[in-house]
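Data first, discussion second: the structure below is written as structure tokens.
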């Protein structure tokens, strides 16, 4: 990429990758957006795209109908400052705009898109780490609370496939995003599955290793972490 970053988010639209925000070396949130086009030249090429309206890191992002939509996260980690606005960018244009809905005060949450619903799991706010699961209707512009996970977690991943949501890993402890000394017993390798029709959670086989602040992708019927 053109700019070093971590705690960013990424989405794919029409075989093109978009990376939004992230944290710089001074632990400040970033405005910048980059695009990776894999079919340019032999190895692909990165391009600088229009910046977001607000800096953002440890946030959630998804793609819908040719738009990149970002919400939650922090604007800054020193001091910890939460971002409460939702932004969207129609990639065919060069303009980011605010969405008239209030984003939950949350960082380090999981996000997955199923139809016109955006599912948001866990994460942390100043009061603690959550077990919660909620969904946002992109058509009705309404948040809905769903049954909570069995384990509180942040810095985990959330993935959707075949009528279920899967939650992987994370940590249970509060603390700054840069901290790497979470107590061993609060680092998670556990996996939960949520049935979207029956609205019930089920424990699944645990991963072999503890993981947090990692990425997950679905390829066919398999989840890669």
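The values are calculated or read from the model by the stated rules, or taken from the named source; none is laboratory data. The model shown is predicted, which means the values in this text are computed figures rather than measured ones. Glycine gets a Cβ as well: all are built from the backbone with ideal geometry, and neighbour counts include every protein chain shown.
The residue that is nearest to the chain's Cα centre (by Cα), among those in the range 85-104 that are surrounded by 14 or more Cβ atoms within 10 Å (Cβ to Cβ) and free of Cβ contacts under 8 Å to residues at least 24 places away in the same chain, is 86.
The single residue among 120, 138, 113 that is closer than 22 Å to residue 33 by Cβ, assigned by TED's automatic domain parsing to the domain that holds residue 198 and modelled with pLDDT under 95 turns out to be 138. Scanning the range 137-173 for residues that are under 14 Å from the mean Cα position of the chain (by Cα) and within 19 Å of residue 82 (Cα to Cα) gives 153, 154, 155, 156. In the set (1) within 21 Å of residue 110 (Cα to Cα); (2) surrounded by 15 or more Cβ atoms within 10 Å (Cβ to Cβ), residue 35 fails one condition alone, (1). Per this entry, residue 19 is not counted among residues that are loosely packed, with under 13 Cβ neighbours inside 10 Å, touching a residue at least 12 places away in the same chain (Cβ under 8 Å) and touching a strand residue (DSSP E or B) at 6+ places or on another chain (Cβ under 9 Å). Tell me, please, whether a residue that is assigned to a loop (DSSP other than H, G, I, E, B), assigned by TED's automatic domain parsing to the domain that holds residue 95 and closer than 24 Å to residue 136 by Cβ can be found in the range 21-29. Yes: one or more hits.
Would you be able to say whether some residue in the range 42-61 is in contact (Cβ under 8 Å) with a residue 12 or more places away in the chain, farther than 30 Å from residue 173 by Cα and out of contact with any strand residue (DSSP E or B) (no Cβ under 7 Å at 6 or more places or on another chain)? No, there is no match, as no residue in the range 42-61 is in contact (Cβ under 8 Å) with a residue 12 or more places away in the chain, farther than 30 Å from residue 173 by Cα and out of contact with any strand residue (DSSP E or B) (no Cβ under 7 Å at 6 or more places or on another chain). Being over 28 Å from residue 77 (Cα atoms) and modelled with pLDDT under 90 holds for only one residue in 221, 150, 198, and it is 221.
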